[in-house]
Amino acid sequence: MRYITFALAKGRLARTTLSYLERIGVTCEEMKDPDTRKLIFVNEEYKLKFFLAKATDVPTYVEYGAADIGVAGKDTIMEEGRNLYEVMDLGFGKCRMCVCGPASARELLKRNEIIRVASKYPNIAKHYFNDTKNQTVEIIKLNGSVELAPIVGLSEVIVDIVETGNTLRENGLEVLEEICPLSARVVVNQVSLKMEHDRIMHILNELNLVLKEDSRK
Ligand code: PRP
């Protein structure tokens, strides 16, 4: 039997995903060792392999078939725009993709002015402003601490993830428009879903049962 390989976005999403996998009987003790430098872990019982990748790389591994299944945030999946099947909403890691800025930027959005938008998600920002809102904007790609941009005058607004809203509040910014809700999703390689249909569907169905159990609590 061939191995089914999982690519998990390292960090909280991977930890939560592993706890769900444990509940369906799939364990991977080695992976829990916080000191390990190992990158790939094997469960011989079910012929599964797991690796932790940078979140933005998960869709890449899955599109090319280096991983059969991936777990990543909807933000990453949208931004990367890879050819893969998004098959399940895991319902955790909930947050929102928003246009944020100082309250004074509200007017600029309303008047459809040409503004600068800073974001770690240039594709999502571009699609939202160009296609959904029909507003011409200049997108500036940043790699983190995006809230800085409107404060130091790099851009008028940002497109970013809002979870608790604390980062915005502490920096005098607010949500101006909501683009879409986000959460952790399971993605599957298109060929793998055909070739390993039964094994993959079995894992997904088991996960679904655990999610349903939780939602009833
Ligand atoms: C994310 C996001 C916001 C913040 C939102 O950043 O880009 O900055 O979390 O969370 P909150 O609404 O609960 O405050 P992250 O911590 O990933 O760091 P980064 O900006 O450096 O990428």
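The values are calculated or read from the model by the stated rules, or taken from the named source; none is laboratory data. This one's a predicted model, so the numbers in the text were calculated from it and none came from an experiment. Neighbour counts run over all protein chains shown; Cβ positions are idealised from the backbone, glycine included. We work out accessible area using only protein heavy atoms, side chains counted, and drop any ligands, DNA or RNA first. Shrake-Rupley method; radii C 1.70, N 1.55, O 1.52, S 1.80 Å.
Annotations for the structure displayed:
- Ligands, DNA and RNA left out, the 1.4 Å accessible surface of the range 95-180 is 45% carbon and sulfur atoms.
- Pairwise inverse Cα distances across the range 95-180, averaged and inverted, put the Kirkwood hydrodynamic radius at 12.4 Å.
- Taking the convex hull of Cα positions in the chain, its mean projected area over all directions (nm²): 13.6 nm²
- Relative contact order (%) - criterion: Cα under 8 Å, at least six apart; region: the chain: 26 percent
- Rounded tilt (10° steps) of 12-23 against the dominant C-alpha axis of the chain: 30 degrees
- Mean sequence separation of contacting Cα pairs (under 8 Å, at least six apart), scaled by the length of the range 95-180, corresponds to a relative contact order of 49 percent.
- Here the contact order of the range 126-217, divided by its residue count and restricted to Cα pairs under 8 Å and six or more residues apart, works out to 14 percent.
- Helix content alone sets the calculated 222 nm mean residue ellipticity of the chain: runs of n ≥ 4 DSSP H residues at -39500 (n - 2.57) each, divided across all residues, give -9000 deg cm²/dmol.
- Probe 1.4 Å, accessible area per residue of the range 95-180, Å²: 52 Å²
- Helix 197-216 vs. the chain, principal-axis angle (Cα, 0 to 90°, nearest 10): 60 degrees
- Rounded if a/c under 1.5, otherwise prolate or oblate - the range 158-197, Cα gyration tensor axes: prolate
- Portion, in percent, of the accessible area of the range 3-93 that falls on carbon or sulfur, probe 1.4 Å: 49 percent
- Under 5 Å between amide hydrogens, built in the peptide plane, is the criterion, and for Phe92 it picks out Ala184 among residues at least 5 positions away or on other chains.
- For the range 33-114, applying the loop criterion from DSSP together with a ceiling of 11 other beta carbons within 10 Å to the GluC sites (Glu not before Pro) yields Glu44, Glu45.
- Distance from the C-alpha centroid of the range 140-217 to that of the range 1-32: 19 Å, rounded to the whole angstrom.
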